[in-house]
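These notes are about the structure you will find just below.
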Amino acid sequence: WIQRARFLDAWYAHLSADLREAVGPKNLLAARIESGARHRRRWAVRRGQGRWLRPSSRCRVEGSRSERIFLRGDLPGAGNLFTRSNLHRIAGTLEQVKAAWLHAARLEEHRVPCLAPLGLRTAGNRALAVFEQGLSLDGPRAAADIGRLLGTLHERGLDLSPGALRAVRDGAGTCKLAPPAVLLDFDPRPGTVTVTRRLQAIPDLEPSTEARRGYLAAFRHQPRERRALEVELAEGR
């Protein structure tokens, strides 16, 4: 993003008055460029998600035709992965579990904090997926951490299906999303979706000052968008 912003500033400064009038205000041009970048990134991640279901840099495939195991590429082997009780587990139909696995994979590709997908085991129409361990999220930082997760999704042009946000901590104390988390595209028009309204949509989360600060913190590399959100909050929206 920083490289795009620097290029835009330098390029715009050398435009003639006629060209500036043709391309419009720099802030609106920057918004269009960022929106286009998000669209391209979402397309690339969605197009490449199959790498998590075939031999690739992301995934190793083991097993037989009757039972297949898909392992995260940087794991040495399955070992007791699927019997460990301390890991986050999702069991169910092949369709349901595979969807949860791929949504977690897409979150990781977008660098949205999520419990890491470790392994997927399929047998007929049943499947089991395991993810890194998730611990209870509480304490004084919880509201700010959840706000930052929501802000990170917004900044990436993503959202979750209603009721899908479940936040936990990993073993290092980092706040992450816990699967299943169904990803949606998020392209709000300016002024149509406010920070406060998004925070209010999360059950048991008070849109406090800490939650709002956490949301804004996700835009540390997007100063134009952050300023617009700050104005929105200052106006009580």
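Backbone amide hydrogens, once placed in the peptide plane, bring R126 within less than 5 Å of L94, excluding anything fewer than 5 places away on its chain. Relative contact order, whole percent, for region 65-155 stands at 34, derived from Cα pairs under 8 Å and 6 or more residues apart.
Listed values for region 170-180 are Karplus-derived 3J(HN,Hα) couplings in whole Hz (6.51 cos²θ - 1.76 cosθ + 1.60, θ = phi - 60°), namely 8, x, 8, x, 7, 6, 9, 7, 9, x, x, and x replaces Gly and Pro. Estimated from helices alone, the mean residue ellipticity of the chain at 222 nm is -13000 deg cm²/dmol (sum of -39500 (n - 2.57) over DSSP H runs with n ≥ 4, per residue). By its C-alpha gyration tensor, with a ≥ b ≥ c as the square roots of the eigenvalues, how is region 100-196 shaped: rounded for a/c under 1.5, else prolate for a/b larger than b/c, else oblate? Here region 100-196 falls in the oblate category. Amide H contacts of L160 (H built 1.01 Å from N, in plane; Pro and chain starts excluded): L184 sit under 5 Å, all sequence-distant by 5 or more or on other chains. Computed from the C-beta positions of T93 and R220 and an R0 of 35 Å, the FRET efficiency is 0.30 to the nearest 0.05. When +1 charges are put on Lys and Arg Cβ atoms and -1 charges on Asp and Glu Cβ atoms, the dipole computed for region 26-114 relative to its Cα centre reaches about 460 debye. When you restrict to C-alpha pairs under 8 Å that are six or more residues apart and normalise by the size of the chain, the relative contact order lands at 16 percent.
Does region 152-221 come out rounded, prolate or oblate by the C-alpha gyration tensor, with a ≥ b ≥ c the root eigenvalues, rounded set by a/c under 1.5 and, if not, prolate when a/b is larger than b/c and oblate if not? Note, shape of region 152-221 comes out rounded. Here, the chain yields an orientationally averaged convex hull projection of 15.1 nm² when only Cα atoms define the hull.
Which of the three applies to region 51-137, rounded, prolate or oblate, going by the alpha-carbon gyration tensor with a ≥ b ≥ c and a/c under 1.5 meaning rounded?
Details: a/c = 1.39, a/b = 1.23, b/c = 1.13.
Rounded, because the longest to shortest axis ratio a/c is under 1.5.
For the chain, the residue among P55, A127, L229 whose Cα projects farthest onto the positive side of the dipole built from Cβ charges is P55.
Candidates L149, T209, A37 compared by Cα position along the dipole of the chain: farthest toward the positive end lies A37, with charges placed on Cβ. About its Cα centre, the chain has a charge dipole of approximately 700 debye under the convention of +1 per Lys or Arg Cβ and -1 per Asp or Glu Cβ, with nothing else charged.
Any read-out appearing in this document is the output of simple, stated calculations on the displayed coordinates, not a laboratory observation. Keep in mind the model is a prediction, meaning the values are calculated, not measured. Cβ coordinates were reconstructed from backbone atoms using ideal geometry, including for glycine residues, and neighbour counts include every protein chain displayed.
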